[in-house]
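Report on one structure; see the data block that follows.
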Amino acid sequence: MSPLLVRADLRTARPYDNRPFPSAGAPVAPLNNNESPFPPRGRHLEALRDAAAGALATTNRYPDTDLTALRTALARYVGHDVRPDMVWPGNGSNEVLLHLLLAYGGPGRTALGFGPTYSMHERIAAITGTRWAAGARGGDFGLDAETASAAVRAHRPHLVFLCAPNNPTGTPLDPATLDAVLSAAPGLVVLDEAYVEFSRLGSRAGMLSDHPRLVISRTMSKAFGFAGIRAGFLLAAPGVLEPLRLVALPYHLSTLTTAVALAALERSEELLAHVPGILAERRRVRDALVRAGHDVAPSDANFLFFDTGGDSTHVASRLAAHGVLVRDLGPAGWLRVTVGSPDENDAFLRTLADSSS
Ligand SMILES: *Cc1c(COP(=O)(O)O)cnc(C)c1O
């Protein structure tokens with residue numbers, strides 16, 4: 001009965017599926033989700049525990065709806081003269097992107113993105129009944145200013161999604177492309193900076209003051225190693241964020257999440273100290289893949305996108321059988337692998353070489 005009662009546009013939809021290929025026992029190298037390989041330890045873990053304990057002592061009260069302390073800490077963390085009233089926090093960047101599409105998308109409206117890119121952008125558009133216009137990247141997975149602005153002029157979208165660095169390809173976004181999209185777009189331009197802490201180009205948050213229709217999404221899920229906590233945020237002009245109060249549920253961010261995120265932001269430098277090591281490992285894994293004859297897209301993030309030269313689904317399932325998890329998202333032949341700890345990366349390279357021979 002329920003398939004007939006459900007919204008017509010959802011009847012043929014499938015839920016988000018990130019289940020890896022089956023592996024025997026616990027995976028030795030979970031390199032499929034672009035997570036940090038390092039859980040909090042020692043005095044960092046202690047600080048998070050203290051913050052959580054403090055929050056638990058006030059569970060009878062609803063959270064602070066203004067989230068002033070968190071917005072202030074996030075603004076300070078981002079820098080670039082971002083003020084607390086330019087920050088909109090939520091349960092991961094996926095949730096704040098949902099808020100954005102609830103307020104600015106919807107039936108009769110269009111969002112444009114350029115594949116291959118982060119599939120949740122299209123999914124969140126679908127959830128909110130927003131039409132998705134699919135633009136395409138070049139053969140090298142880059143996106144040039146002309147292609148991007150031509151697509152914007154053709155579709156006149158209410159929202160344009162860009163991703164810098166782009167997931168799953170890892171490729172940076174040419175600053176000229178962002179400029180061209182900002183001049184051509186009639187609506188909001190959403191720049192997903194989930195991996196910006198790994199990026200040589202850095203955040204474009206400094207552009208917000210001159211570009212009132214630019215919205216940047218950020219997350220603590222990746223470089224911060226906070227994927228399990230669910231903390232993300234938008235950066236935009238206060239006037240763009242104000243309508244999000246109309247669509248977000250009251251008290252959407254729990255006291256516990258807020259307290260732990262604040263404690264992490266207080267020690268952001270120490271928690272991000274592993275980033276240079278990840279970048280060194282990225283170079284090492286990339287060089288090894290190239291030596292083994294694989295094409296590898298230029299990466300500005302904590303993952304690599306490489307051509308298996310064969311059946312990527314088959315390679316991914318063979319890797320998984322040995323406990324090495326990677327992501328097979330298309331295009332055909334290509335796989336995405338997260339840069340993990342040195343041991344995990346060794347396991348990946350060794351197993352890939354064995355699986356290919
Ligand atoms: C992982 C990822 C996110 C993170 O989403 P959260 O909801 O914050 O965990 C956002 N955008 C991109 C492109 C990602 O790859």
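The values are calculated or read from the model by the stated rules, or taken from the named source; none is laboratory data. Remember, it's a predicted structure, so these values are computed and weren't measured experimentally. Methodologically, a virtual Cβ is constructed for each residue, glycine included, from the backbone with ideal geometry; neighbour enumeration extends over all protein chains shown. Remember, those area values only see protein heavy atoms, side chains included, never the ligands or the DNA or RNA. Shrake-Rupley method; radii C 1.70, N 1.55, O 1.52, S 1.80 Å.
Summed over the stretch 60-75, the residues that are under 21 Å from ALA237 (Cβ atoms) and either surrounded by 13 or more Cβ atoms within 10 Å (Cβ to Cβ) or touching a residue at least 40 places away in the same chain (Cβ under 8 Å) (or both) give a count of 8.
Here ALA145 passes the criteria (1) open to solvent by less than 10 Å² (accessible area, probe 1.4 Å); (2) under 24 Å from PRO298 (Cβ atoms) except the one numbered (1). Taking the stretch 197-221 as the range and being within 29 Å of THR59 (Cβ to Cβ) and part of a loop (DSSP other than H, G, I, E, B) as the test, the residues that pass are MET220, SER221. Could you tell me whether LEU214 is of a type outside the set (S, T, N, Q), open to solvent by less than 40 Å² (accessible area, probe 1.4 Å), in the same structural domain as THR65 (by TED's automatic domain parsing) and within 15 Å of the ligand (Cβ to nearest atom)? No, not satisfied. Kindly provide the set of residues from the stretch 189-247 that are polar (S, T, N, Q), touching an Asp or Glu at 6+ places or on another chain (Cβ under 8 Å) and within 25 Å of LEU48 (Cβ to Cβ), ordered by number. SER203, SER217, SER221, listed by residue number. Taking the criterion of being more than 14 Å from the ligand (Cβ to nearest atom), in a helix (DSSP H, G or I) and over 28 Å from ARG286 (Cα atoms), would at least one residue in the stretch 109-118 satisfy it? Scanning the stretch 109-118, I find no residue that is more than 14 Å from the ligand (Cβ to nearest atom), in a helix (DSSP H, G or I) and over 28 Å from ARG286 (Cα atoms), so the answer is no. Scanning the stretch 43-59 for residues that are assigned to a helix (DSSP H, G or I) and open to solvent by 70 Å² or more (accessible area, probe 1.4 Å) yields a total of 5. Residues in the stretch 82-108 that are more than 14 Å from the ligand (Cβ to nearest atom) and either more than 24 Å from ALA150 (Cα to Cα) or in a loop (DSSP other than H, G, I, E, B) (or both): VAL82, ARG83, PRO84, ASP85, MET86, VAL87, LEU102, ALA103, GLY105, GLY106, PRO107, GLY108. Condition first: buried (at least 19 other Cβ atoms within 10 Å of the Cβ) and more than 12 Å from the ligand (Cβ to nearest atom). Now tell me which residues in the stretch 217-243 satisfy that. If the condition is that a residue be buried (at least 19 other Cβ atoms within 10 Å of the Cβ) and more than 12 Å from the ligand (Cβ to nearest atom), then LEU235, ALA236, VAL240, LEU241 are the ones that fit.
When every residue of the stretch 203-217 is checked against the conditions, none turns out to be more than 22 Å from LEU159 (Cα to Cα) and under 20 Å from the mean Cα position of the chain (by Cα). As a summary of the residue check, PRO20 satisfies the conditions (1) in a helix (DSSP H, G or I); (2) within 16 Å of the ligand (Cβ to nearest atom); (3) open to solvent by 60 Å² or more (accessible area, probe 1.4 Å) except for the one numbered (1).
Each residue in the stretch 77-94 was checked for being within 16 Å of ALA261 (Cα to Cα), in contact (Cβ under 8 Å) with a residue 40 or more places away in the chain and either touching an Asp or Glu at 6+ places or on another chain (Cβ under 8 Å) or not hydroxyl-bearing (Ser, Thr, Tyr) (or both), and 8 pass. Pairs are defined by a Cβ separation below 7 Å, a sequence spacing of at least 6 or placement on different chains, a first member in the stretch 1-16 that is at pLDDT below 85 and loosely packed, with under 10 Cβ neighbours inside 10 Å, and a second member that is not in a helix (DSSP H, G or I) and not small (Gly, Ala, Ser); the pairs so defined are PRO3/ARG11. Residues in the stretch 258-271 that are at pLDDT 95 or above and either hydrophobic (A, V, I, L, M, F, W, C) or within 14 Å of GLU95 (Cα to Cα) (or both): 7 in all. Taking the criterion of being out of contact with any Pro (no Cβ under 9 Å at 6 or more places or on another chain) and over 15 Å from PRO165 (Cβ atoms), the residues of the stretch 284-305 that qualify are VAL285, ASP287, ALA288, LEU289, VAL290, ARG291, ALA292, GLY293, HIS294, ASP295.
When you check PRO250 against the structure, is it away from the ligand (no atom under 16 Å from the Cβ), open to solvent by 40 Å² or more (accessible area, probe 1.4 Å) and in a helix (DSSP H, G or I), yes or no? No: the conditions fail for PRO250.
Selection of the stretch 113-142 for residues being crowded, with 24+ Cβ neighbours inside 10 Å and more than 20 Å from TYR195 (Cα to Cα) yields only ALA125.
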